[in-house]
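See below for the structure under consideration.
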Amino acid sequence: MTANVSIDYINHTYKGQVEPTLVDIAANIEPGEKLALIGRSGCGKSTLLHMLAGLLIPTEGCVRINGHQVIKPSAKWNMMFQKPSLYPWMNVRQNAQLGLDLAGIKDDGKVDELLELVGLSDKSEASVQSLSGGQQQRVALARSLATTPELLLLDEPFSALDAFTRSALQDEVARITHQQKLTMVMVTHDIEEAVAMADRVLIMSANPGRIVGEMKVELPYPRERASQQFSKTREDLMKQFDSLVGNASQAESEPESEKKSDREAA
Ligand SMILES: Nc1ncnc2c1ncn2[C@@H]1O[C@H](COP(=O)(O)OP(=O)(O)OP(=O)(O)O)[C@@H](O)[C@H]1O
Ligand SMILES: [Mg+2]
């Protein structure tokens, strides 16, 4: 089963804050749909994603997954973060198997299948510390998929990787989630990432965080980055972002030291 996600008029004000962080957030995400949330730093993307994961409860409104209100985390929806949280004392297979172990589910060869899927079969006994950043993120992906989630939540999971590894993993996750008809919600700063992976993009403005625009990405999978259609869609999204939120190419307000010069800022 894959998840239908309904975001029902969320408003959120963090404790101790006067101004709301999120206002009037409403959206419906169809089963199997891949949605990207883009917006400037601080607009509330991670806040919203944490609510979808059941890690944060909104002050008003709610999230429903397949009709059930989300009030706590569940193995049915998995979140992948910017940095893979792997345990250094466990090898690749043990890390990939962790979600199953915690849920008390027996591994019937699923972990091996997934390690194969993410290209790490030959590393299953290796220490995770001996892996590159991209390989570590692949282990985290295998772990996220092992519990057969209905929904995959990604919070800028590729932003710490180099450009080549990043685009390879974007294509890989798009292929796997598409194949498995998984519903996916991804937060990103990167317009190309959104076009490479999403069926639909929601644009958020900041202070307070609102959804101000939406664009469908009607490109077939696998996505051909070199195609004219891809460039055109990327340009359209950039233009729409510019007109709704401001200059996309100057939008990131991360510290200079953390910026990736080869990354498209949104
Ligand atoms: N626990 C908290 N308490 C108070 N304010 C918070 C808390 N977490 C986040 N905020 C504030 O809420 C706003 C939105 O934060 P959030 O992390 O959701 O932004 P974001 O869009 O994910 O940004 P980035 O792109 O930099 O990751 C920010 O102004 C942030 O300072
Ligand atoms: Mg964030």
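Brief remarks follow.
- Filtered residues of the range 108-126 (kept if touching a helix residue (DSSP H, G or I) at 6+ places or on another chain (Cβ under 8 Å) and either β-branched (Val, Ile, Thr) or not in a helix (DSSP H, G or I) (or both)): VAL111, VAL118, GLY119, LEU120, SER124, GLU125, ALA126
- Note on the range 177-190: among residues that are more than 16 Å from ligand 2 (Cβ to nearest atom) and buried (at least 18 other Cβ atoms within 10 Å of the Cβ), the one that is nearest to the chain's Cα centre (by Cα) is MET184.
- Filter result (modelled with pLDDT of 90 or more, away from ligand 1 (no atom under 16 Å from the Cβ) and either closer than 14 Å to LYS34 by Cβ or of a type outside the set (D, E, K, R) (or both)) within the range 180-204: LYS181, LEU182, THR183, MET184, VAL195, ALA196, MET197, ALA198, ASP199, ARG200
- The range 142-160 - residue that is away from ligand 1 (no atom under 16 Å from the Cβ) and not in a loop (DSSP other than H, G, I, E, B) and, of those, surrounded by the most Cβ atoms within 10 Å (Cβ to Cβ): ALA142
- In this structure, SER205 does not qualify as over 11 Å from the mean Cα position of the chain (by Cα) and surrounded by fewer than 18 Cβ atoms within 10 Å (Cβ to Cβ).
- Test: residue in the range 127-140 that is within 16 Å of ligand 1 (Cβ to nearest atom) and over 30 Å from HIS68 (Cβ atoms): no
- Failed criterion for LYS216 (all others in (1) away from ligand 1 (no atom under 16 Å from the Cβ); (2) within 28 Å of HIS12 (Cβ to Cβ); (3) over 22 Å from the mean Cα position of the chain (by Cα) hold): (3)
- Filter result for THR165 (surrounded by fewer than 21 Cβ atoms within 10 Å (Cβ to Cβ), of a type in the set (Val, Ile, Thr) and over 25 Å from PRO31 (Cα atoms)): yes
- Cross-chain or 6+ apart pairs with Cβ under 8 Å, the range 3-27 first and more than 12 Å from ASN207 (Cα to Cα), then modelled with pLDDT under 95 and surrounded by 14 or more Cβ atoms within 10 Å (Cβ to Cβ): ALA3/LYS76; ALA3/TRP77; ALA3/GLU150
Residue by residue, here is whether (1) closer than 21 Å to PRO73 by Cα; (2) touching a residue at least 24 places away in the same chain (Cβ under 8 Å); (3) aliphatic (A, V, I, L, M) holds:
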site: LEU98; (1), (2), (3): yes, yes, yes
site: VAL128; (1), (2), (3): no, yes, yes
site: PRO149; (1), (2), (3): yes, yes, no
site: GLU172; (1), (2), (3): no, yes, no
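- Failed condition for SER85, given (1) surrounded by 14 or more Cβ atoms within 10 Å (Cβ to Cβ); (2) at pLDDT below 95: (1)
- Of note, ALA36 does not satisfy the criterion of being within 16 Å of ligand 2 (Cβ to nearest atom), farther than 17 Å from LYS216 by Cα and touching a residue at least 24 places away in the same chain (Cβ under 8 Å).
The values are calculated or read from the model by the stated rules, or taken from the named source; none is laboratory data. Because the structure is a prediction, the values reported are computed rather than measured. A quick note on method: Cβ atoms are made from the backbone with ideal geometry, for glycine too, and the neighbour counts reach across all protein chains shown.
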